[in-house]
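The values are calculated or read from the model by the stated rules, or taken from the named source; none is laboratory data. This structure is a prediction, so every number in the text was calculated from the model and none was measured. Note that each Cβ is placed from the backbone with ideal geometry, even for glycine, and that neighbours are counted across all protein chains shown. SASA here: full protein model, heavy atoms, side chains in, ligands and nucleic acids out. Shrake-Rupley method; radii C 1.70, N 1.55, O 1.52, S 1.80 Å.
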Amino acid sequence: MTTVGYVSTRGGGAPVSAAEALLAGIAPDGGLYVPRDIATLPENLFREARSIADVGARVLPRWLGGALSADETADVTHDALNFAVPLVPLGEPWEAVYVLELFHGPTLSFKDFGARTMARLMSRLLPAEERLTILVATSGDTGSAVADGFAGQPNIDVVLLYPKGQVSSVQERQLIARRPGVRTFAVRGTFDDCQRLVKEAFASPDLRELRLSSANSINIGRLLPQMLYYLEATRVGAFDAPPVFCVPSGNLGNLTAGILAHLSGMPARGFVAAHNANDFFPRFLSEGDESYRQSVRTYSNAMDVGVPSNFERLRVLLDPGAMRTLVTGECVTDDETLQSMRRVYDEVGYVTDPHTAVGLEAVRRHRREFGRAPVVVLSTAHPAKFPDVVERALGFEPAVPSTLTRLLTAEVDAIEIAPGLDDLARHLQDR
Ligand SMILES: *Cc1c(COP(=O)(O)O)cnc(C)c1O
């Protein structure tokens, strides 16, 4: 078995262990950690594994380099990945197109996979007697997945910052639900203010004793578990030809995880990076243009990213030629997103959220090029998280699953603060 070390995308410093990479979140030179070597998949994985948790128990130890035993890793994956991952064939006229529903976790987005697994890994990798505080700025799905994922981990506290009044009402209820070990702050400002506060907090000597860490997708600990649902789809699909994976993308963490899985041996004909009007990556793929633009707001708001942080990782994992061969980029406007939701509903009666609809439209445009290859569209969120957009597209609100009803009626707890470090620091210090 190879032992994987992790190096910074910016080339600084010696390789570190998986534990160091996970607990630090970001490399000292400001780069992101990437594996120096790729761990190959276990032989017969797809024939022998019995569930996604089992896939994780067999695959993750290779990437963790002996930091946890096989049994400990199995405990983590079985505890974290305890919900369904259906692979749904859409049927005619979407023959050979499957939707991989990644929204059956507690907060109804694919971010539950990475957040829940990473929380349990970090809790076990943290040396005894040490405590960690995860500080996250969120505009949507990340915050609730991280809060849920880390809640109740004995040695880790969570602090969430979100812009008051700037997230959807469902998202807000999910963020402020009271959870053990989690404190939520409603910042009187924008998402950018929240991100700036996080940076200032990390740099502040006054807050050093809190030992702050991050749980955004800059942390490699989120990406490693995200490989597992690609592998699970491969196992369950038992495809007779390598599939195309279509990934609704923003920060490119999800796509990077799929590419890591492919580099480690998972068959794939290619990937589609499906973006909304925030078109940085498709522009890079088609024109080699690397200029960043301000993000714009869309219906698929979890993909409203002007500067995708994981691009830095993709650049290191693949040279531009290989990237263009493997990945097709596509952009979908808001109007086209609504049309896509309507089309899929009219054709096969399937209700999708706006992010998945971006993916389905990208697939519709490119399907001919894929020949007979099966296509797996990653469905990143439950439609019930976006009732307004579903209503606008289809004329009715989506059915609400019981996990969400429970969250929406849970006790809430949030503190409103000014968008400055003083206010935040005061709350964090007196506890
Ligand atoms: C976060 C998110 C995305 C984008 O994923 P990246 O890994 O940032 O590319 C897409 N859809 C939903 C619903 C999300 O929450």
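List of remarks:
- Per-residue 3J(HN,Hα) values for the stretch 154-167, derived from phi via the Karplus relation 6.51 cos²θ - 1.76 cosθ + 1.60 with θ = phi - 60°, read x, 10, 10, 9, 10, 10, 10, 10, 9, x, 4, x, 10, 10 Hz in sequence order (x marks Gly and Pro).
- Sorting 239-245, 40-46, 423-429, 356-362 by average packing, meaning the other beta carbons within 10 Å per residue, from highest down gives 356-362, 239-245, 423-429, 40-46.
- Built amide H within the under 5 Å cut-off of Thr328, gap 5+: Phe271, Val272, Ala273
- Mean separation of Cα contacts under 8 Å, 6 or more apart, over the residue count of the chain: relative contact order %: 18
- Theoretical ellipticity at 222 nm over the chain - DSSP helices of four or more residues, -39500 (n - 2.57) apiece, nearest 500: -12500 deg cm²/dmol
- Linear extension gain, Arg131 paired with Phe396, 0.36 nm per residue minus alpha-carbon span: 90.8 nm
- Each of Asn219, Phe191, Ser249 was placed along the dipole of the stretch 137-262 (beta-carbon charges, centred on the mean Cα), and the one lying farthest toward the positive end is Phe191.
- Cα centroid separation - the stretch 275-302 against the stretch 359-429, whole Å: 19
- Beta bridges per DSSP with both ends in the chain, % antiparallel, nearest 5: 20
- Sequence-separation-based contact order of the stretch 208-309, relative, with Cα cut under 8 Å and 6+ spacing, percent: 26
- Summarising the amide proton neighbourhood of Ala96: residues at separation of 5 or more, or on other chains, whose placed amide H is nearer than 5 Å comprise Gly91.
- Around the Cα centre of the chain, unit charges on the Cβ atoms of Lys, Arg, Asp and Glu (plus for the first two, minus for the last two) sum to a dipole of about 380 debye.
- Phi angles across the stretch 31-37 convert, under the Karplus curve 6.51 cos²θ - 1.76 cosθ + 1.60 with θ = phi - 60°, into 3J(HN,Hα) values of x, 9, 6, 10, x, 6, 10 Hz, Gly and Pro given as x.
- For the chain, modelled as a GNM whose springs connect Cα atoms under 10 angstrom apart, the maximal fluctuation among His355, His104, His366 occurs at His366.
- Separation between Cα centres of the stretch 107-137 and the stretch 144-223, rounded to whole Å: 12
- Rounded to the nearest Hz, the phi-derived 3J(HN,Hα) couplings of the stretch 248-260 under the Karplus curve 6.51 cos²θ - 1.76 cosθ + 1.60 (θ = phi - 60°) are x, 10, x, 7, 6, x, 4, 4, 4, 4, x, 5, 4, where x marks glycine and proline.
- Taking the accessible area of the chain, probe 1.4 Å, and keeping the other protein chains in place, the carbon and sulfur fraction comes to 48%.
- Residue-normalised accessible area of the chain, given per residue in Å² at a 1.4 Å probe: 40
- Dipole of the stretch 340-431 [Lys/Arg +1, Asp/Glu -1 at C-beta], most positive-end residue of His382, Leu421, Ser340: Ser340
- Close amide H partners of Gly65, meaning residues 5 or more places away or on another chain with modelled amide H under 5 Å apart, are Val4.
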